[in-house]
Amino acid sequence: MVRFDRVGRRFGSVAAVDDLSLDIAANEFVALLGPSGCGKTTLLRMLAGFETPDTGRVLLDGKDISAVPPYRRPVNMMFQSYALFPHLTVAGNIAFGLKREGLPRGEIETRVAEMLALARLTGLGERKPDQLSGGQRQRVALARSLAKRPRVLLLDEPMAALDRKLREETQFELMELRRRLGLTFVIVTHDQEEAMVMADRIALMDKGRIVQTGAPAEIYERPRTRWAAQFIGDINIIEGRVAADGSGVATDALGLLRAPVPAGLKPGDAVVLAVRPEKIALATSGDNNVAGTVSEVGYRGDKSLYKVAVAGGLSMKAAVANAVRAGGPAMGLNDRVTLSWPADAGLVLPP
């Protein structure tokens, strides 16, 4: 449905978006994820029509819309600030765009009622925005964005102002809403967990370019670069070289660490071994066993995160589920432990 065809956008000497291409399918929920300043909001604004690409094209259903003004595009945008009109009621906010289009009064009233029901705002139509909770204001902004029945809904950090519990509830509401309406959603976020939960596909961005695209599980489990591995979630990075027999990574401090070596790498090549903390057990039952001393413990309720000092001045993290109601972490500071993980839990990446 949407195609960014080698688009670029510069602000002075800074390339906010740099020769970027991305396809988005109909009814797909795509998250543009990356650190602040990576270009994700600029990309979204080019699709909305608030920015014009310096190079390349933005296509919708095969038609170049790069020069089409925002109000003539079948897309709508929900802003991070919600941008509700404080002097209008909830119903007035939802109806605003419909009135600008000149729709008949009866149709406007019908559609506003539909949106109030859809966003679980029935009975609140006559309230002003300052009489609503943060979650309710967010749903008003969403209902207003959907009222014009756009082909594509653009969401710019839509849950940044919500508390954690409400944000989690809203994530599932948005997913259900998108399925019911059969719309294409594109969300900009720097919240990794939000992108992982909601999106069908993630486009991971850095410095105006797309580093990797894929389903959340693919991005998390099979990052293609060291930067991608370190940006998504928590991870241990161990530097070394491909072992002489090709069975893993040879390190100065920890010896041979077994892991699948990708084709194309040869013995002696510099690499890093990436291992997620949750793949590591406090045991001696895996292909790799590394002794160390607990230097920090973080209790997170469902799990405990252990920071372990190992040989060579290195530090590794292990996340252990708190499956038993023992009242706290099983291990304490300065305890001696062995970190263990299977060979296939590690990922060998370019340095």
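Residues are listed down the side, and each one gets a yes or a no for (1) basic (Lys, Arg); (2) over 30 Å from Glu218 (Cβ atoms):
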| position | (1), (2) |
| --- | --- |
| Arg10 | yes, yes |
| Asp18 | no, no |
| Leu33 | no, no |
| Val68 | no, yes |
| Arg73 | yes, yes |
| Glu109 | no, yes |
| Ala113 | no, yes |
> From the set of residues in the range 79-133 that are surrounded by fewer than 17 Cβ atoms within 10 Å (Cβ to Cβ) and among the hydroxyl-bearing types (Ser, Thr, Tyr), which is farthest from the chain's Cα centre (by Cα)?
Replying inline: Thr110
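Yes/no matrix, rows are residues, columns are (1) at pLDDT below 95; (2) within 29 Å of Gln230 (Cβ to Cβ); (3) touching a helix residue (DSSP H, G or I) at 6+ places or on another chain (Cβ under 6 Å):
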site	(1), (2), (3)
Gly8	no, yes, no
Leu47	no, yes, no
Pro53	no, no, yes
Ile65	no, no, no
Asn76	yes, no, yes
> Can you tell me which residues in the range 195-224 are closer than 19 Å to Lys279 by Cβ and either modelled with pLDDT under 95 or of a type outside the set (Gly, Ala, Ser) (or both)?
Replying inline: Met196, Pro216, Glu218, Ile219, Tyr220, Glu221, Arg222, Pro223, Arg224
>> Of everything in the range 125-139, what is out of contact with any Lys or Arg (no Cβ under 9 Å at 6 or more places or on another chain) and either closer than 14 Å to Phe79 by Cβ or not in a helix (DSSP H, G or I) (or both)? Give them in sequence order.
In response: Gly125, Glu126, Arg127, Lys128, Ser133, Arg137, Gln138
> Are there any pairs with C-beta distances below 8 angstrom linking a residue in the range 22-33 that is in the same structural domain as Met175 (by TED's automatic domain parsing) to a residue that is among the basic types (Lys, Arg) and surrounded by 23 or more Cβ atoms within 10 Å (Cβ to Cβ), with the two at least 6 apart or on different chains, and if so which?
Replying inline: Leu32/Lys40; Leu33/Lys40
> Of the residues that sit in the range 267-304 and are of a type in the set (A, V, I, L, M, F, W, C) and in a loop (DSSP other than H, G, I, E, B), which one is modelled with the lowest pLDDT?
Replying inline: Ala283
>> Quick test for you: out of Arg105, Arg3, Arg57, pick the one residue that is without any contact (Cβ under 8 Å) to a residue 40 or more places away in the chain and either of a type outside the set (Phe, Trp, Tyr) or over 18 Å from Leu183 (Cα atoms) (or both).
In response: Arg105
> For the range 148-266, which strands (runs of 3 or more DSSP E) that fit wholly inside it have 3 or more residues that are in the same structural domain as Ala15 (by TED's automatic domain parsing)?
Replying inline: 152-156, 184-189, 201-206, 209-214
> Is it the case that Val320 is β-branched (Val, Ile, Thr) and under 18 Å from Ile235 (Cβ atoms)?
Replying inline: yes
>> If I ask for residues that are aromatic (Phe, Trp, Tyr) and surrounded by fewer than 17 Cβ atoms within 10 Å (Cβ to Cβ), which ones from the range 186-230 would you list?
In response: Trp227
> Just wondering, is there one or more residues in the range 317-324 that are closer than 26 Å to Val261 by Cα, over 30 Å from the mean Cα position of the chain (by Cα), in the same structural domain as Gly255 (by TED's automatic domain parsing) and small (Gly, Ala, Ser)?
Replying inline: no
>> Given the criteria in the same structural domain as Ala343 (by TED's automatic domain parsing), touching a residue at least 60 places away in the same chain (Cβ under 8 Å), surrounded by 15 or more Cβ atoms within 10 Å (Cβ to Cβ) and in a strand (DSSP E or B), does Val308 qualify?
In response: no
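Condition test on Leu183, is it touching a strand residue (DSSP E or B) at 6+ places or on another chain (Cβ under 6 Å) and surrounded by fewer than 20 Cβ atoms within 10 Å (Cβ to Cβ)? Working first, answer last.
Details: touching a strand residue (DSSP E or B) at 6+ places or on another chain (Cβ under 6 Å): yes; surrounded by fewer than 20 Cβ atoms within 10 Å (Cβ to Cβ): yes.
Here the answer is yes, as Leu183 does meet what is asked.
The values are calculated or read from the model by the stated rules, or taken from the named source; none is laboratory data. None of the values given here were measured: they were computed from a predicted structure. Don't worry about glycine lacking a Cβ; one is built from the backbone with ideal geometry, like all the others, and counts go over all protein chains shown.
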